[in-house]
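These notes are about the structure you will find just below.
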C-alpha cells in the first residue's frame, strides 16, 4: 500500500473540517468512510513565549493565522486539497507515516523548496 504525507493550511478550523468531511462521512455513525489519517495541528506557534527565571510569562506566544492539518493519504493526495498544500522546513511540528512516505515528502519538498535544505559550509573555504 502506498501512503503519501502532506501538510495543509486552512483559514480556520471550520474550513479544514469542511474539507475533511468532503472526503466522506457515514451519516449514521458520523465516522469517516475514507482510510486517510488526519491530524489537526491547529494554529501553530510561530514565536515561542518567553519566561523569566521564576516561570512568569514575559511575552505571549505568537500563533499562526492559519489552521494546520497533516494528512497521511492512503494512495495519492486528493487534488481538491492542492490550494491548501504547504511546504515547510522539514518536517515542521509533526510527522507520521512510513519511512517511505516521509522520504517522499522530504524529496518533493527539497525539489520545490531547496532553501529549506541549506548545504553545510565547506570547512576548507574558511
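A short reminder: the numbers here are calculations on the coordinates, not readings from a lab. Not measured: the values here are computed from a predicted model. Neighbour counts run over all protein chains shown; Cβ positions are idealised from the backbone, glycine included.
Working from the Cα coordinates of the chain, the gyration tensor eigenvalues give, after taking √(5λ), semi-axes of 30, 24, 12 Å in decreasing order. The fewest-to-most ranking of 41, 72, 85 by surrounding Cβ atoms within 10 Å reads 85, 41, 72. Mean residue ellipticity, 222 nm, helices only, the chain: the sum of -39500 (n - 2.57) across DSSP H runs of n ≥ 4, divided by residue count and rounded to 500, is -5500 deg cm²/dmol.
Name the shape class, rounded, prolate or oblate, that the alpha-carbon gyration tensor gives for the stretch 74-119, where a ≥ b ≥ c are the square roots of its eigenvalues, rounded holds for a/c under 1.5, and otherwise prolate holds if a/b is larger than b/c and oblate otherwise. Here the stretch 74-119 falls in the oblate category. Applying 0.36 nm per residue to the separation of residue 58 and residue 46 and subtracting their alpha-carbon distance, the gain on full extension is 2.7 nm. Simple spin-label estimate for residue 18 and residue 80 gives 1.2 nm between the two label positions (7 Å along the Cα-to-Cβ direction from each Cα). Protection proxy ranking of 16-28, 59-71, by the mean of other Cβ atoms within 10 Å over each peptide's residues and highest first, is 59-71, 16-28. Give me the angle, in degrees from 0 to 90, between the Cα long axis of helix 99-112 and the longest principal axis of the Cα atoms of the chain, rounded to the nearest 10. Rounded to the nearest ten degrees, it is 70. Across all directions, the average flat footprint of the convex hull enclosing the Cα atoms of the stretch 1-65 is 7.2 nm². The stretch between residue 39 and residue 100, if pulled fully straight at 0.36 nm per residue, gains 20.1 nm over its current Cα-Cα span.
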